[in-house]
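Before any comments, here is the structure.
Quick note: the coordinates plus some simple rules give every number you see, no bench work behind them. All of these numbers come straight from a predicted model, not from anything done at the bench. All Cβ positions, glycine included, derive from the backbone under ideal geometry; neighbour counts span all protein chains shown.
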Amino acid sequence: METQFKLEGDFTLIDHLSTKWQAPSNIALVKYWGKYGMQLPANPSISFTLNACRTITTVTAKKGTHGFNISYDGTPKPEFAPKIEAYFKRIADYCPWIANYHFDIDTHNTFPHSSGIASSASSMAAMSVCMMDFESTLTGQEMDFHKASFLARLGSGSACRSLKGSAVVWGTHKEVDDSSQYFGVDKSDYLHPVFQDFQDTILLVDKGEKVVSSTVGHELMNGHAFAKARFEQAHENLSTLKKALQEGDLETFIKITESEALTLHAMMMTSHPYFILMKPKTLSIIEEIWAFRKETGIPVCFTLDAGANVHMLYPHENNEAVQGLINSKLAQYCQNGHYICDQVGTGAKKC
Ligand code: PMV
């Protein structure tokens with residue numbers, strides 16, 4: 001399967017290449033936690049693609065000795081270089097032409113750098129779609145979004161869900177046609193209209209560095225006492241969630257989404273060494289969301305990624321009521337009152 005993405009055909013080197021793409025972040029509903037081999041997921045996952053939280057990347061390539069410069073909004077960032085270097089090494093087998101180019105990469109995020117929102121998904125997706133844009137120019141072939149997703153996965157696992165589509169599945173699942181361990185597949189057609197413009201307000205509880213990186217967290221699933229049951233559960237949850245997304249069944253959506261978030265953190269709390277990424281304010285927000293839902297019947301729920309921030313998910317038609325909840329109760333738990341209003345998006349776009 002991996003050989004499918006090795007560039008076999010001819011390519012013609014061009015002296016100068018230039019492109020600019022933006023790619024969004026994504027939020028998993030069924031979580032990827034645990035991996036093996038070269039960034040292959042221990043269980044399938046599904047995510048909503050976001051819209052406002054994006055990375056915008058410009059790459060120019062000059063024919064010559066391989067190398068690169070990396071900057072953030074025009075400021076050189078040598079500290080980003082090891083990640084990019086590792087990425088180029090991993091993709092070299094699949095994109096042999098990169099050996100003939102020196103790249104100038106400039107990137108920036110639409111969300112604050114220190115928001116605690118991982119930028120690896122959007123940045124690796126943006127970088128990969130730029131590389132595939134070049135490859136399409138050099139080969140005369142159409143842009144291959146599956147290969148862009150494949151390359152993004154090699155940079156950062158969940159990045160492969162940030163290329164194309166409003167809902168993306170990554171990892172093989174018996175009820176998901178064309179699902180693959182190697183790249184994300186666009187499953188926008190699963191989304192009932194209520195989910196097509198679903199809202200995600202990210203409540204920024206803690207903007208600091210994570211105490212345990214997701215790389216270490218994934219590793220701790222090897223030999224984890226509950227790993228086998230967890231991986232099986234993810235398959236079942238994806239089946240149930242698929243149906244709920246198709247039918248617009250908000251009750252089931254909430255049940256699975258919240259349970260997945262808490263299970264992710266339960267895995268962290270029961271690994272060895274164990275760790276906790278939630279903060280007291282994360283729990284306060286969860287309690288407020290539950291109380292609000294009970295009181296009003298409004299179908300608002302939460303999910304968490306590998307951090308303390310809370311993603312609050314709800315239908316577009318409930319915007320006003322939820323904004324009231326944020327102003328009256330939730331903003332006080334956010335660092336400096338900061339939160340980001342986002343919603344389901346469609347994927348990477350050329351600028
Ligand atoms: O892509 P990584 O290695 O940063 O892992 C991301 C893991 C979670 O965000 C916790 C879950 C997911 O599926 O995105």
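What to note about this one:
- Helices that extend 18 Å or more along their long axis by alpha-carbon positions and average at least 0.5 on the Kyte-Doolittle scale are, among the DSSP H runs of the chain, 120-139, 250-269.
- For the stretch 8-111, GluC sites (Glu not before Pro) meeting the loop criterion (DSSP other than H, G, I, E, B) and having at most 14 other Cβ atoms within 10 Å: GLU8.
- Per the Debye calculation on the stretch 266-351 with a single equal scatterer at every Cα and no solvent contribution, log₁₀ I(q)/I(0) for q = 0.11, 0.14, 0.24 Å⁻¹ amounts to -0.38, -0.58, -1.23.
- Its Cα gyration tensor gives the chain an equivalent ellipsoid; the semi-axes, largest first and in whole Å, are 34, 22, 20.
- From largest to smallest, the equivalent ellipsoid semi-axes obtained for the stretch 197-325 from the alpha-carbon gyration tensor read 27, 19, 11 Å.
- When each of LYS6/LYS164; LYS62/LYS187; LYS210/LYS281; LYS35/LYS174 is checked by Cα-Cα distance, pairs over 26 Å: LYS62/LYS187
- Spread of Cα-to-Cα distances over 10 Å intervals beginning at zero, given as percent, for the stretch 1-116: 11, 31, 38, 19, 1
- The stretch 48-106 and the stretch 194-227 have their alpha-carbon centroids 25 Å apart.
- Placing one equal scatterer on every Cα of the stretch 117-215 and applying the Debye formula, the log10 ratio I(q)/I(0) at q = 0.22, 0.23 Å⁻¹ is -1.15, -1.18.
- Full-stretch length increase - ASN100, MET269 - with 0.36 nm per residue and alpha-carbon distance subtracted: 56.2 nm
- Debye log10 I(q)/I(0) for the stretch 158-261, one point scatterer per Cα, at q = 0.12, 0.15, 0.16 Å⁻¹: -0.51, -0.81, -0.92
- Residue-averaged [θ]222 nm for the chain, counting only DSSP H segments that reach four residues, each worth -39500 (n - 2.57): -10500 deg cm²/dmol
- Where trypsin sites (Lys or Arg not before Pro) in DSSP loops with at most 15 other Cβ within 10 Å are excluded, longest remaining stretch of the chain: 175-351
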